[in-house]
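Everything on this sheet refers to the single structure shown next.
The values are calculated or read from the model by the stated rules, or taken from the named source; none is laboratory data. No experiment lies behind these values; they were computed from the predicted model shown. With ideal geometry, Cβ positions are generated from the backbone for all residues, glycine too; neighbour counts draw on all protein chains shown. The protein model used for the area step is the full one, side chains on, heavy atoms only, and it has no ligands, DNA or RNA in it. Shrake-Rupley method; radii C 1.70, N 1.55, O 1.52, S 1.80 Å.
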Amino acid sequence: MNSEELLAQERRLQFTRFGNDVAIELGLHLLDAAREQGLPIAISVQRNGHRLFHASLPGTAPDNDTWLERKARVVERFGHSSFYVGTTFREKGSTFEAESHLAPDLYAAHGGVFPVILRGTGPVGTVGVSGLPQAEDHAFVVTQLESFLESHDTQ
C-alpha cells in the first residue's frame with residue numbers, strides 16, 4: 001500500500017463518538033476476530049493515552065506489548081497510522097529510524113496501530129495489534145475497524 005491509500009483509510013474509518021464503552025466493545029471485537037482466526041497477537045485500545053482495553057493471546061510475549069507502545073507513540077506524535085508514517089519515509093527513499101531522530105526504543109513506525117479518529121475533532125486515541133508481520137498487523141486492524149464501524153452506531 002502507498003501513503004495515499006493509507007490516508008484514504010484514515011479518512012474513511014472515523015467515529016462519531018468514542019468513550020470507554022465503545023473502546024471496550026472495539027477491543028472485544030478485535031479479540032473475538034483474533035480468536036476465530038487463531039492469531040497470536042496482543043491488542044490495545046487507548047483514548048488520550050489511557051489504555052482502556054488490552055489482551056494478549058497465546059503465542060504472544062512481553063515484547064508484543066513493547067511494540068504496541070512504540071507504535072502507539074508514533075500514532076500519538078504524528079496523528080497517522082504507524083504504517084502510514086513508516087511508508088512515507090520509505091517512499092522518500094529513507095527510513096523513519098534514520099530521519100525522525102526519535103529514540104528507536106520508544107518509537108516504531110511499523111504497521112499495526114491506527115488512530116482512533118473522532119469525526120470533526122481528529123485523533124483521540126489508538127487501536128492496535130502486535131504479533132504478525134507489520135502489513136498483516138495493519139490489515140487486521142483496518143478490517144476489524146471496518147466491520148466494527150459498519151455494525152455499530154459510531155460512524
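Quick look at the numbers
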| read-out | value |
| --- | --- |
| Search result, residues across the stretch 86-116 that are of a type in the set (A, V, I, L, M, F, W, C) and not in a helix (DSSP H, G or I) | 102, 103, 106, 108, 109, 113, 114, 116 |
| Qualifying residue in the stretch 23-32 (condition: part of a loop (DSSP other than H, G, I, E, B), touching a helix residue (DSSP H, G or I) at 6+ places or on another chain (Cβ under 8 Å) and closer than 21 Å to residue 131 by Cβ) | no |
| Residues satisfying the stated conditions in the stretch 61-92, i.e. of a type in the set (A, V, I, L, M) and under 13 Å from the mean Cα position of the chain (by Cα) | 68, 72, 74, 75, 85 |
| Close pairs (6 angstrom Cβ cut-off, 6 or more residues apart or separate chains): under 18 Å from residue 88 (Cβ atoms) and in contact (Cβ under 8 Å) with a residue 24 or more places away in the chain in the stretch 101-123, of a type in the set (Phe, Trp, Tyr) and surrounded by 16 or more Cβ atoms within 10 Å (Cβ to Cβ) anywhere | 109/96; 111/83 |
| Search result, residues across the stretch 61-85 that are crowded, with 19+ Cβ neighbours inside 10 Å and part of a loop (DSSP other than H, G, I, E, B) | 80, 81 |
| Matching entry among 57, 30, 39 (being out of contact with any Leu (no Cβ under 8 Å at 6 or more places or on another chain) and either touching a residue at least 24 places away in the same chain (Cβ under 8 Å) or open to solvent by less than 20 Å² (accessible area, probe 1.4 Å) (or both)) | 30 |
| Unique residue being at pLDDT 95 or above, open to solvent by less than 30 Å² (accessible area, probe 1.4 Å) and touching a Ser or Thr at 6+ places or on another chain (Cβ under 8 Å) when the list is 154, 88 | 88 |
| Whichever residue in the stretch 103-151 is among the hydroxyl-bearing types (Ser, Thr, Tyr) and open to solvent by 60 Å² or more (accessible area, probe 1.4 Å) and, among such residues, is modelled with the lowest pLDDT | 151 |
| Positions within the stretch 66-81 being among the β-branched types (Val, Ile, Thr) and within 16 Å of residue 47 (Cβ to Cβ), in sequence order | 75 |
| Qualifying residue in the stretch 50-60 (condition: over 19 Å from residue 34 (Cα atoms) and over 14 Å from the mean Cα position of the chain (by Cα)) | yes |
| Test: residue 21 is more than 12 Å from the chain's Cα centre (by Cα), closer than 21 Å to residue 125 by Cα, surrounded by fewer than 18 Cβ atoms within 10 Å (Cβ to Cβ) and in contact (Cβ under 8 Å) with a residue 60 or more places away in the chain | no |
| Residue 49, sole failed condition from (1) at pLDDT below 95; (2) within 12 Å of residue 117 (Cα to Cα) | (2) |
| Lone unmet requirement of (1) among the polar types (S, T, N, Q); (2) touching a His at 6+ places or on another chain (Cβ under 6 Å); (3) open to solvent by 30 Å² or more (accessible area, probe 1.4 Å) for residue 95 | (2) |
